[in-house]
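Undergrad: Please read through the structure below; I'll follow up with questions.
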Amino acid sequence: MEVCTLASGSSGNCTLVRCGDTCVLLDAGISARRITAGLRELGTEPPELSAILITHEHTDHISGLATLTKKLRVPIYASGATLRQLCYRIPFLEELVRPLEGGQGTQVGALWCQAFSTPHDAAGSQGYSLTGEGRKMALCTDLGFLAPEVLEGAAGAELLLAEANHDEEWVRSGPYPYYLKQRILGDFGHLSNETGAVLAQKAAEGGARAVVLAHLSQQNNTPARAYETVARHLRGAGVDPERDLTLAVAPRSEPGPLYRLEGDRTVRAFRRRGAGLC
């Protein structure tokens, strides 16, 4: 199994998961042009996509969906509530949608795609774990708190995309209006670096070999701040982020490394085409 974030942050989110001939996108929150360019950089042509899994209907997760699916007619999976929101916005989408509720799973080619509900201020927000060839990854972002369904969905993942959206004090002391601060910090907002560190710790204790911090705020966080907060927490819990697992931060506006989950539970990171992997 191979995993690569094409973009991850408050301005756009999209991740490719590839297993054999099966290629799945998790969200399509950047332009179709950028998605196409990112896929081709990874050696995948857009018509090779097997499905698109949407976490929820916020713009930073669906902004490229209309253009992409108008050209490709690829199946779209999401919760029923999310799909209704998408069909309001994109009329031709109805023939492509496939309801997949939290707690349910479906086979897409070589990948078993399992949905789990997430606490976020959207119609039917959910995350996904994908399993193939005995390997598992999970996407856990856009979380107000660490709900039991999220922890269950992440359990056993060898690679976890874990939200580390903001530094709490930066939000509280920053220029955002009060209502927006309350939204971000509330139970249906986003995970702080500190809570994201707890998620990373639980993943590491469950056998994860790589944790990629994702969905960072451009205004209320930095990659260095997120990394240091999570690394410090892991060390305090007896997990060495340089020896026991790979800890990294997903780039906000460009493709990140390509992670390969291998049979011995090793996770290797490659710099896309330059590594000779694609």
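The values are calculated or read from the model by the stated rules, or taken from the named source; none is laboratory data. Bear in mind the structure is a predicted one, so any value in this text is a computation, not a measurement. As a convention, Cβ positions derive from the backbone with ideal geometry for all residues, glycine included, and neighbour counts pool all protein chains shown. Accessible surface is based on the protein model in full, side chains and every heavy atom, while ligands, DNA and RNA are left aside. Shrake-Rupley method; radii C 1.70, N 1.55, O 1.52, S 1.80 Å.
Undergrad: Ranked from the most accessible area to the least, with a 1.4 Å probe and all protein chains present, what is the order of TYR179, TYR77, TYR128?
TA: Details: TYR179 160, TYR77 35, TYR128 0 Å².
Greatest to least solvent exposure: TYR179, TYR77, TYR128.
Undergrad: Additional query: Taking the dipole about the Cα centre of the stretch 97-182, with the C-beta of Lys and Arg at +1 and of Asp and Glu at -1, give me whichever of LEU130, VAL97, PHE145 is farthest to the positive side.
TA: VAL97
Undergrad: Net charge within 15 Å of PRO46 by Cβ-Cβ distance, Lys/Arg positive one each and Asp/Glu negative one each, not counting PRO46 itself? Kindly include the intermediate steps, with their values, before the conclusion.
TA: Working: positive: ARG18, ARG33, ARG34, ARG40, LYS70, LYS71, ARG73; negative: ASP21, GLU41, GLU45, GLU48.
Charge balance in the 15 Å sphere: +3.
Undergrad: Taking the Cα centre of each part, how many Å lie between the stretch 228-262 and the stretch 109-146?
TA: 19
Undergrad: In nm², what is the average projected area of the convex hull enclosing the Cα atoms of the stretch 84-238? Before the final figure, lay out each step's value.
TA: Working: hull surface 41.5 nm².
Projected over every direction and averaged, the Cα hull of the stretch 84-238 covers 10.4 nm².
Undergrad: Run the 1.4 Å probe and let me know the accessible area of ASP187, rounded to the nearest 10 Å².
TA: 90
Undergrad: For the chain, what is the calculated [θ] at 222 nm in deg cm²/dmol (nearest 500), taking -39500 (n - 2.57) for each run of four or more DSSP H residues and dividing by its residue count?
TA: On the way: 9 runs with 80 residues, N = 278.
Value at 222 nm, helices only, nearest 500: -8000 deg cm²/dmol.
Undergrad: With all pairs of different alpha carbon atoms counted, what Kirkwood hydrodynamic radius in Å does the stretch 180-220 show? Please report the intermediate quantities before stating the final value.
TA: Working: mean 1/r = 0.0872 Å⁻¹.
That comes to 11.5 Å for the stretch 180-220.
Undergrad: Sort the following peptides by mean Cβ neighbour count (other Cβ atoms within 10 Å, averaged over residues), highest first: 230-236, 193-199, 101-107.
TA: Numbers: 230-236: 17.3, 193-199: 22.4, 101-107: 14.3.
So the peptides 230-236, 193-199, 101-107, ranked by packing, come out 193-199, 230-236, 101-107.
Undergrad: What list of ³J(HN,Hα) couplings, whole Hz, do you get for the stretch 161-169 from phi and the Karplus terms 6.51, -1.76, 1.60, once you set θ to phi - 60° and write x for glycine and proline?
TA: 8, 10, 5, 9, 6, 7, 8, 4, 5
Undergrad: Can you run phi through the Karplus equation (6.51, -1.76, 1.60; θ = phi - 60°) for the stretch 121-127 and list ³J(HN,Hα) in whole Hz, with x for Gly and Pro?
TA: Listing the rounded values in order: 7, 9, 4, x, 5, 7, x Hz.
Undergrad: In debye, nearest 20, what is the charge dipole magnitude of the chain about its Cα centre with +1 on Lys and Arg Cβ and -1 on Asp and Glu Cβ, if you could check?
TA: 700
Undergrad: Can I ask one more? Keeping all protein chains in place and using 1.4 angstrom, which order do ASP121, ASP167 fall into by accessible surface area, from largest down?
TA: Numbers: ASP121 60, ASP167 5 Å².
So the residues, ranked largest to smallest area, are ASP121, ASP167.
Undergrad: Calculate, axis by axis, the spread of Cα positions in the stretch 48-151 along the three principal axes, and write the results as whole Å, longest axis first.
TA: 35, 33, 19
Undergrad: Probe 1.4 Å, all protein chains in place: accessible area of PHE188 in Å², nearest 10?
TA: In the full protein context, PHE188 sits at about 120 Å².
Undergrad: Percent of accessible area on the stretch 14-152 owned by carbon and sulfur, 1.4 Å probe? Working shown, then result.
TA: Working: 2550 of 5220 Å².
Answer for the stretch 14-152 is 49 percent, counting heavy atoms of protein chains only.
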